Every structure is written in C-alpha cells, then in structure tokens.
Amino acid sequence: MAGGFGGRGLLAAVVLAVMVGGISTAVPATAGGSAGTTTSDVPTRRDVSTAVIRTSTADTLVQVNVDIGMQVKAGTRCRSDLPGVCKGGGTVYHPCFNLKDPVYGGCQLYTLYRVLPRGTAADLAQGIAITNASTARDGSTVQHGWAGKVTQADLEFYAYDPFGRYGDARMRVPGFPHRLLDIAYSDEIGHVTLPRLGAPDAGVVVGRALGKDGKPMPPSSFKFDAFGHGDTGHPTGVLNGRQFMLYGFGGAKVTAGTTDGTFRTKPLWRGHYDIHIQRKGASYRCAVKVLAAEVRFDLHFGRKNLGQRSCKPMNSLAQGVPG
C-alpha cells in the first residue's frame, strides 16, 4: 500500500457534509419510501474495508472537507426534505446532509491532514480514507458501510495561509476504479492550484452588511458562501496522465473586531458564482460575477432581497446558521 496511495503530500479531511446541492423532485419510485432515503437504502457495490482518495500537493497548506456521495439503487430516486441530501437529479445520496439518517453520527469524524507545498520530496501521505465504520463525537463506533457504498466524493480545499495570498477551491472525485486487496482507491488528484491574490484570473468580493435596524451586522452574524460555476474551472496539475477540474469556492464574514459590518472574501477565480447568504429567518441565493478586481456586494437585512436584484429567498440549509 505504501507505493500506491501516497501522492506527494498530506491532505486534511473532515468527513463532514458542507458542499451544497439541490433537492431532487419527488417521483413515483423513491428509495427510502415516505421516510426519505437513508444509508440502508443504498446498495453495497464493492466488498472492501476502505475507499481511499489518493492525494497530492497544493499551492499552500490546506484543510480539506470531504462530502461522500453514494449512487442509489437503479430505478429509484433519492428522496429527502432536507437540502443537499439528494444530488445528481436524485441519483446520488449524501448521508452527511441527512440528520435523519440513523448513522449520521458517523459524519462527525474530524481528522486533520494537510498538503505539503509543491516540490516537497517526502512522501508522507496515505490519502484520505473512507472506512466502513466511524467514531462519533460521543466516542461510540458507528457501523455504516460507506467504504463499500461510496461512488463519488466532493472535496473542498481551504487554504491555510495567514497572509491571505490564496483562496479556496472545490472538486469532485468521480469514482474509485482501482483496487488492491480489500482497498479501493481513486486516481491521484494531481497538484491542487488555488486562486492567488493579484493574479490576472482572480478577484475578491467586498461589502458591508447592515441589519434590519440599519446598524452594522456584528462579527459572525451570517454565513456567506460562494460556489463557482463552470467558467471558474481550473485543472489540477497532471499526475500519472490524469487531471481533475477545480472550481471557485469560498466564503466571507464580518470578522472579530470589525465594527462597521464590512466583510471580504479570500481570492476567488474570475467567473460566475452562486452566493448563499444565511442567518436565522433570512436565507438567500444570489448571483455574482467576480472580476480581476474588487467586486462590491453590500447587504441590507432590512430590505427586500437584501437590497440586491440578484438575490432570491431560499430554504435554510438548517445547520450552523447564525442568529
């Protein structure tokens, strides 16, 4: 296993759902019946103990959040009343968005890795491992069988860069086509390029957020997440003849110590973004085009659609919404 899974660096994985996707519409044939889809409705596709995402290097140290997806049984559709559970037109189930799944506790496994900078010679990684059991926050063991069920993984790369030079990115690992003994593994993901401050293909979103009373919003009072469209795509570096596509991704908030409600994203690649803005009682999806410059995007929680034409109300994503 030492020669097959390592990549050239060390990744950070949090087996926790944070990627955002749409809810599928109800159709006559549904997995999980009226109660909605759970892990037990998804067929086991391989007899393995572990599914490994083979890792590589990145522009800077990063933490990675992992959202696992599992293809539902042929002829059925994923079904849920919670956002993000069903994606791919209802063909893929994401258990870590589903608080109603009996094995949801397995999503609370936090394991920190990092990617070493480009040029590092030491092979320190064994990849990101998805196993058939996880340790929950209360210390109990959750048996879920995800290694044998997972068919794709969505990764979010968060740059660990105190100087603010690099932004974040996301990508999809579409499968685990390789096998060694009882371990399935993906292609190596290649070098992860990140948006860089001042680069001709990157910009930032800045703004000021006001509350219903017209006063500046306090620190960490709302969530601001940006999800890039296809025109933000950047390929990973070629590794063993393979490339994956990275897309713009990031967030912003009023930071501690700020009193005027201003916020600023890390660098984002140029292109079109869906912006999700959430706080209790006010959740919106907005459209923003990022240019190779500062893009102004002010928010007013006392005005219709936050005072922005491109913003429309949406259902809250339920978890971690401030307010």
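The values are calculated or read from the model by the stated rules, or taken from the named source; none is laboratory data. Everything numeric in this text was worked out from a predicted model, so none of it was measured. In this analysis, Cβ positions are derived from the backbone assuming ideal geometry, glycine residues included, and neighbour counts consider all displayed protein chains.
Of everything in the stretch 211-232, what is under 15 Å from Val254 (Cβ atoms), in a loop (DSSP other than H, G, I, E, B) and in contact with a strand residue (DSSP E or B) (Cβ under 9 Å, 6 or more places away or on another chain)? Give them in sequence order. Lay out the reasoning, then the answer.
Within the stretch 211-232, the first condition is being under 15 Å from Val254 (Cβ atoms), and the residues that meet it are 211, 215-225.
Restricting the remaining residues to those that are in a loop (DSSP other than H, G, I, E, B) gives 211, 215, 217-222.
Gly211, Met217, Ser221, Phe222, listed by residue number.
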Report summary line: Listed by first then second residue, the pairs whose first member lies in the stretch 219-246 and is more than 22 Å from Tyr284 (Cβ to Cβ), whose partner is surrounded by fewer than 19 Cβ atoms within 10 Å (Cβ to Cβ) and among the aliphatic types (A, V, I, L, M), with beta carbons under 6 Å and at least 6 positions apart or on separate chains, are Gly233/Met245; Pro235/Met245
Query raised in the report: Which numbered condition trips up Val204, out of (1) modelled with pLDDT of 95 or more; (2) touching a strand residue (DSSP E or B) at 6+ places or on another chain (Cβ under 6 Å); (3) part of a loop (DSSP other than H, G, I, E, B); (4) of a type outside the set (Lys, Arg)?
Result: (3)
Report summary line: The number of residues in the stretch 156-174 that are small (Gly, Ala, Ser) and at pLDDT below 95 is 2
**Report entry** Number of the condition not met by Arg309 [criteria: (1) part of a loop (DSSP other than H, G, I, E, B); (2) touching an Asp or Glu at 6+ places or on another chain (Cβ under 9 Å); (3) over 17 Å from Phe222 (Cβ atoms)]
**Finding:** (2)
Query raised in the report: Is it the case that Val150 is buried (at least 18 other Cβ atoms within 10 Å of the Cβ) and at pLDDT 85 or above?
Result: yes
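Quick one: which of Ser134, Ser140 is at pLDDT 85 or above, surrounded by fewer than 23 Cβ atoms within 10 Å (Cβ to Cβ) and touching a His at 6+ places or on another chain (Cβ under 9 Å)?
Answer to the selection: Ser134.
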Query - Residue among Ala252, Ala199 that alone is in contact (Cβ under 8 Å) with a residue 24 or more places away in the chain, surrounded by 19 or more Cβ atoms within 10 Å (Cβ to Cβ) and out of contact with any helix residue (DSSP H, G or I) (no Cβ under 6 Å at 6 or more places or on another chain) - result: Ala252
Query raised in the report: Any idea which of (1) modelled with pLDDT under 95; (2) crowded, with 20+ Cβ neighbours inside 10 Å is the one Trp269 doesn't satisfy?
Result: (1)
Report task. Output the number of the condition that Ala202 fails; it satisfies all remaining conditions of (1) in the same structural domain as Ser56 (by TED's automatic domain parsing); (2) in contact with a Leu (Cβ under 9 Å, 6 or more places away or on another chain). Result -> (1)
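One residue is enough: does the stretch 167-177 have a residue meeting the conditions crowded, with 18+ Cβ neighbours inside 10 Å, of a type in the set (A, V, I, L, M, F, W, C), over 16 Å from the mean Cα position of the chain (by Cα) and closer than 29 Å to Ala282 by Cβ? Spell out the reasoning first.
Of all residues in the stretch 167-177, those crowded, with 18+ Cβ neighbours inside 10 Å come to 167-171, 173, 176.
Filter again for of a type in the set (A, V, I, L, M, F, W, C), leaving 169, 171, 173, 176.
Now drop any that are not over 16 Å from the mean Cα position of the chain (by Cα), which leaves 176.
Still in the list and also closer than 29 Å to Ala282 by Cβ: none.
No, the stretch 167-177 contains no residue that is crowded, with 18+ Cβ neighbours inside 10 Å, of a type in the set (A, V, I, L, M, F, W, C), over 16 Å from the mean Cα position of the chain (by Cα) and closer than 29 Å to Ala282 by Cβ.
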Requested in this report: Within the stretch 28-54, count every residue that is over 13 Å from Val85 (Cα atoms) and at pLDDT below 65.
Outcome: 5
